[in-house]
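Read through the structure below, which is laid out as structure tokens, and then see the notes.
The values are calculated or read from the model by the stated rules, or taken from the named source; none is laboratory data. Values in this document were obtained by computation on a predicted structure and should not be read as measured data. Positions of Cβ are backbone-derived with ideal geometry, glycine not excepted, and every protein chain shown enters the neighbour counts.
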Amino acid sequence: MQTQTLQELFVLLVIMAIAAVVFWQTGEFSEASSGQISPGTFPRLAAGAMAVCAVIKAVVLLSRWGQGCGIALTVWNRETLLKPVGASLLMSAYVFLFGKIPFLPLTAGFVLAVFLVFGVRPWRRLLLGALIATTFMYVLFARLLSIAI
Amino acid sequence: MEHLFTAFASVLFPVNLALLFTGSALGLLVGVLPGLSSPMALAILVPVAFGMEPVSAFMVLIGTYVGTKTGGAFSAILMRTPGTPAAAATAMEGHPMALRGEAGRALGLAISASFVGGTLSWLLAVPLVGVIGTYAVRISSADLAMIGILALTAVASLSGQDVLKGLMAALLGLVISTIGLDELSGTPRLTMGIYQLYGGVPFLAAIIGLFAIATVLVDISEVSVRKQPTAQKNSFSLLGTLREMWIMRKILLVGTAIGSALGIVPGVGSDTAGWLSYAYVKRLAVRGLLKTDRKIGEGVPEGLAAPEAANNAVTGGATIPMLTLGIPGDGSTAIMLGALMLFGLQPGPMFFRESPDLAYSILVALGLANLTTLVAALVFIRPFVAILKIDRAMLLGSVLVLALVGSYASSNASYEMLIALLFGFLGYFMHRFGYSIPALALGLILGPVIESNFRRALLITRGDYLVFLTSPVSLVCFLLILSLAAKFCFDIIQSRRRQSAGEGPTITTSNH
């Protein structure tokens with residue numbers, strides 16, 4: 001339970017850090033004059049309110065320290081992380097290589113790899129599925145929508 | 001009235017009607033498949049529809065939006081796995097009916113009740129849209145800013161279990177919406193020197209990331225290994241279904257009223273409407289007011305029909321704030337409003353005046369989509385039931401490619417794929433830690449509306465902040481915001497009292 005609370009507190013710290021960045025980035029804007037408010041006022045108001053919420057949430061969590069954070073989070077383990085992490089790495093590679101490698105081989109390889117990570121079996125279904133999905137993407141985007149891919 | 005007739009002619013034009021039907025069939029298909037949702041389908045469809053004329057594009061989007069509400073019932077009844085959250089209550093009575101060999105009857109009832117609920121709520125919504133639309137053009141900038149803030153607060157408070165997390169998500173959406181050149185002064189804000197961000201965060205890529213990529217990442221790590229017994233669909237009699245609908249007309253009307261009323265409130269979605277109407281049927285059963293010899297939970301047809309009518313009736317209710325004020329009630333309507341902006345249109349009080357053709361066409365299409373969904377459901381009932389056997393991992397993998405290429409297709413810029421990916425990661429972590437993704441999406445869409453009206457109101461009054469409290473509309477909004485805040489404080493105090501009384505900490509489940 002304390003691990004969950006620590007994870008929650010870490011997220012709240014990230015939120016407070018985002019609010020701090022907003023204040024830092026909008027600090028140089030000129031101040032309001034005769035109703036014309038500065039371009040930084042609105043983002044600062046939103047970020048300030050967000051930071052206040054984060055502080056209240058942190059206080060509530062700390063007051064329940066040791067009693068459980070009150071949130072049933074999904075357990076982080078190898079099994080639940082493997083597929084999302086694999087998919088994230090593959091998507092990052094796809095975005096990086098998009099435009100550098102022609103669409104058809106890149107997409108076919110990506111679909112095949114994603115299906116493999118997601119556990120599609122047997123091989124025949126995997127290959128057929130990848131072929132159909134790639135063809136569908138190509139026909140939809142390149143032929144029907146005339147997108148330059 | 002003249003615009004309404006023109007809109008009917010436009011929607012009934014064969015190409016548009018075919019697109020509406022296609023959208024309905026697509027929506028049904030998405031609804032049938034567990035793991036795919038209405039916002040996900042709409043997010044992926046927007047880049048595809050972007051190449052069409054605005055009216056045609058909205059035929060597809062609206063058809064899909066309405067179709068998903070009905071489609072969710074298929075897997076809820078046959079597998080006890082709701083295709084969409086809206087159909088969760090449907091499974092309670094629908095699946096027991098299917099298990100005792102009445103799957104066809106249950107599906108027929110669900111499809112018909114959805115049609116009745118959706119159509120009646122639309123009939124209620126049309127005159128209300130007209131009346132509210134007339135008054136909406138007189139609403140001041142301060143009022144609009146306060147309505148926007150109220151909508152965000154309502155979504156944050158009502159859509160999840162944790163109000164503070166909902167608020168933080170909505171506020172993060174507001175902050176992200178301010179990235180880019182300030183529209184009044186032309187000053188770059190929060191761009192970190194990245195010139196691609198000068199035009200702001202691309203809404204479509206962000207939405208695709210939040211609703212498609214994030215959902216796949218979450219779903220693929222949570223694919224259930226526990227299989228529910230799958231019932232076989234058998235045939236149903238249309239005449240018998242109509243007779244049953246007539247017998248339970250009062251329950252259908254109550255379900256429709258609940259759905260229509262809740263649809264107007266931002267943040268209270270179809271799932272809440274479904275559960276509330278199910279609770280109504282349950283109460284009737286407890287009091288012995290239902291003419292059935294079965295106990296609730298054993299497959300009472302009324303307990304299936306009421307939630308289905310209610311979750312489809314939400315579409316009519318949600319139409320009112322969406323079209324008259326530009327306030328979306330959930331992720332799906334936020335995406336449709338975003339699509340309007342992509343077409344260079346400004347949703348809000350002036351929408352009916354500035355773009356009457358499209359505005360009335362959307363209104364008409366929302367009603368006719370119930371009919372096209374009914375026809376599509378009756379035509380495709382067999383193939384859709386067969387599709388339930390499709391490999392979910394393969395389906396989710398394909399959605400990832402569609403999402404990435406779709407985000408590129410909207411502007412032919414690979415940088416938008418990167419934005420979609422980053423928002424996908426953000427959505428994944430938000431979901432993991434129980435932060436509301438629809439609240440963030442609503443913050444993104446309402447951010448520019450709230451900010452521009454907030455600044456305009458202050459400019460007109462030379463910086464007098466009291467302008468946000470002086471008009472009746474603003475004052476009512478302010479009081480409602482205060483009451484939501486008071487409810488939140490009351491909940492915290494009550495929870496602490498329970499804790500100190502020795503009941504232990506309140507365990508809430510984040511809506512994973």
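Checking the conditions here, which among B:THR22, B:THR6 is of a type in the set (Ser, Thr, Tyr) and more than 14 Å from chain A (Cβ to nearest Cβ)? Testing whether each residue is of a type in the set (Ser, Thr, Tyr) and more than 14 Å from chain A (Cβ to nearest Cβ) leaves just B:THR6.
Yes or no: B:GLU451 touching a residue at least 40 places away in the same chain (Cβ under 8 Å), within 9 Å of chain A (Cβ to nearest Cβ) and charged (D, E, K, R)? Yes.
Number of residues in the stretch B:120-152 that are surrounded by 24 or more Cβ atoms within 10 Å (Cβ to Cβ) and hydroxyl-bearing (Ser, Thr, Tyr): the value is 1. Of the residues in the stretch A:109-135, how many are outside any helix (DSSP H, G or I) and more than 8 Å from chain B (Cβ to nearest Cβ)? The number of residues fulfilling the criteria is 2. Taking the stretch B:159-199 as the range and being without any contact (Cβ under 8 Å) to a residue 24 or more places away in the chain, within 7 Å of chain A (Cβ to nearest Cβ) and among the polar types (S, T, N, Q) as the test, the residues that pass are B:SER185, B:THR187. Tallying residues that are closer than 21 Å to B:VAL375 by Cβ and free of Cβ contacts under 8 Å to residues at least 40 places away in the same chain within the stretch B:77-105 yields 0. Determine whether B:VAL385 is free of Cβ contacts under 8 Å to residues at least 24 places away in the same chain and either more than 8 Å from chain A (Cβ to nearest Cβ) or of a type outside the set (Lys, Arg) (or both). Here the answer is no, as B:VAL385 does not meet what is asked. Each residue in the stretch B:260-272 was checked for being under 15 Å from B:ALA110 (Cα atoms) and touching a Gly at 6+ places or on another chain (Cβ under 7 Å), and 0 of them qualify.
Give the stretch B:258-286 a look and list any residue that's β-branched (Val, Ile, Thr) and closer than 28 Å to B:ALA169 by Cβ, or say none. B:ILE258, B:ILE264, B:VAL265, B:VAL268, B:THR272, listed by residue number.
Going through B:ARG283, B:ARG287, B:ARG294 one at a time, which residue ends up being modelled with pLDDT of 85 or more and basic (Lys, Arg)?
Just a single option satisfies the conditions, and that option is B:ARG283.
Number of residues in the stretch A:82-108 that are more than 8 Å from every other protein chain (Cβ to nearest Cβ) and either in contact with a Lys or Arg (Cβ under 6 Å, 6 or more places away or on another chain) or aromatic (Phe, Trp, Tyr) (or both) equals 2. Just one of the listed residues (B:ASP357, B:ASP330) is among the acidic types (Asp, Glu), within 25 Å of B:LEU28 (Cβ to Cβ) and in contact (Cβ under 8 Å) with a residue 60 or more places away in the chain, namely B:ASP330. When restricted to residues that are buried (at least 24 other Cβ atoms within 10 Å of the Cβ), within 11 Å of chain A (Cβ to nearest Cβ) and hydrophobic (A, V, I, L, M, F, W, C), the stretch B:206-220 contains 5.
Could you tell me which of the residues A:ALA54, A:ALA87, A:ALA93 is under 30 Å from B:PHE468 (Cβ atoms), at pLDDT 90 or above and in a helix (DSSP H, G or I)? Reasoning before the result, please.
Working: A:ALA87 fails: under 30 Å from B:PHE468 (Cβ atoms); A:ALA93 fails: under 30 Å from B:PHE468 (Cβ atoms).
Checking each option against the conditions leaves just A:ALA54.
Taking (1) free of Cβ contacts under 8 Å to residues at least 24 places away in the same chain; (2) surrounded by fewer than 22 Cβ atoms within 10 Å (Cβ to Cβ) in turn, B:PHE425 satisfies each apart from (1).
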